[in-house]
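Q: Please read through the structure below; I'll follow up with questions.
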Amino acid sequence: QVQPVESGGGLVQAGGSLRLSCAASATIFSVAVMGWYRQAPGEQRELVAAFTGGDITTYADSVKGRFTISRDNTKNTVYLQMNSLKPEDTAVYYCRASYYGVNDWGKGTLVTVSS
């Protein structure tokens, strides 16, 4: 069992874009429901976007129309394209793989949006 690994975070100005990547093992990726979560300082971790079954997706209201979750099954990778970023999007972004009652979390990648 190998935890997901996130990448792609960084510092960006408001209005800019970033794409996060989450790589998982082939075994986990083939059965897991994948999602992105974030945790801002002093706040609880919250859902950003996730696949809920097959290609069906769900998004937090705060990111609808700006963020897009996608996946590349050939690379066992899930992406989060983030456009029109706002300072309130600043957080550590985590990838989660859920399968058979197990939740595997990555270590997170920091996204900082400057005003």
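The values are calculated or read from the model by the stated rules, or taken from the named source; none is laboratory data. None of the values given here were measured: they were computed from a predicted structure. Reconstructed Cβ throughout: ideal geometry from the backbone, glycine too, with neighbour counts over all protein chains shown. For accessibility, only protein heavy atoms count, side chains too; no ligands or nucleic acids. Shrake-Rupley method; radii C 1.70, N 1.55, O 1.52, S 1.80 Å.
Q: Of THR109, THR74, which residue is among the polar types (S, T, N, Q) and within 25 Å of GLY15 (Cα to Cα)?
A: After ruling out the rest, the residue left standing is THR109.
Q: What are the residues in the stretch 18-38 that are open to solvent by 60 Å² or more (accessible area, probe 1.4 Å) and either of a type outside the set (A, V, I, L, M, F, W, C) or assigned to a loop (DSSP other than H, G, I, E, B) (or both), if any?
A: The answer is ARG19, THR27, SER30, VAL31.
Q: When you scan the stretch 89-97, do you find a residue that is at positive phi and either part of a loop (DSSP other than H, G, I, E, B) or surrounded by fewer than 14 Cβ atoms within 10 Å (Cβ to Cβ) (or both), even just one?
A: No, the conditions are met nowhere in the stretch 89-97.
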